[in-house]
Amino acid sequence: MTGIGSVTKGRAVALAVMLCAALPAGAANAKPPLRDVPEIEDTLFIVAIADELSKKCDSLSARRLKGLSILLNLRAHANRLGYSDAEIRAQVESDAEKARMRAKGEAYLKSQGVRLDQPETYCAFGRAEIKKSSAIGALLKAK
């Protein structure tokens with residue numbers, strides 16, 4: 001009976017090797033789009049929200065150096081995950097991705113009580129984020 005078990009294991013190994021050989025080159029190493037990598041997407045989203053708040057509310061300003069530091073660390077992290085600077089730049093500069101992030105941001109802000117046509121609601125939300133010491137609030141300061 002040990003002979004039958006060995007043949008079965010041998011066939012399984014041979015089948016696995018054949019399946020791997022049949023895969024298109026690079027399929028095993030395919031990376032998801034950066035927007036599908038949560039730690040990248042979530043961090044970009046936080047920075048984008050803080051930036052939008054600082055633009056829409058005159059009494060808030062962005063902590064630009066802190067934001068830049070976060071983005072540089074994020075790029076380094078993406079590089080460690082195997083993404084090239086060109087892939088990262090393509091993601092960040094893509095008109096489609098900018099539109100997607102804008103729609104996502106507007107939906108989030110609305111869900112938090114921000115009225116897109118009322119700048120004072122951006123200010124109230126931003127001040128609340130600062131008070132909570134949230135990830136968004138950490139990127140803002142009251143003037």
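Read the figures in this text as sums done on the coordinates, not as results from a lab. Source: prediction; values computed, not measured. Please note: Cβ atoms are built from the backbone with ideal geometry, for glycine as well, and neighbour counts cover all protein chains shown.
Summarising the label geometry, the points placed 7 Å from Cα in the beta-carbon direction at S134 and L116 lie 1.9 nm from one another. Taking amide H atoms as placed 1.01 Å from N in the peptide plane, the amide H of L60 lies under 5 Å from those of K143, each 5 or more residues away in sequence or on another chain.
Rank-order 43-51, 113-121 by packing density, defined as the average count of other C-beta atoms within 10 Å over each peptide's residues, highest first.
Working: 43-51: 19.9, 113-121: 13.3.
Averaged packing, sorted descending, gives the order 43-51, 113-121.
Residue-wise HN-Hα couplings along region 38-48, as the Karplus relation 6.51 cos²θ - 1.76 cosθ + 1.60 with θ = phi - 60° gives them from phi, are x, 5, 6, 4, 5, 5, 4, 5, 4, 5, 5 Hz; Gly and Pro carry x. Site pair L72 and K143 shows an inter-label distance of 2.7 nm when each label is modelled 7 Å from Cα along Cα→Cβ. Protection proxy ranking of 59-68, 73-82, by the mean of other Cβ atoms within 10 Å over each peptide's residues and highest first, is 59-68, 73-82.
For L140, nonlocal amide neighbours, meaning residues 5 or more places apart or on other chains whose placed amide H falls under 5 Å from its own, are R63.
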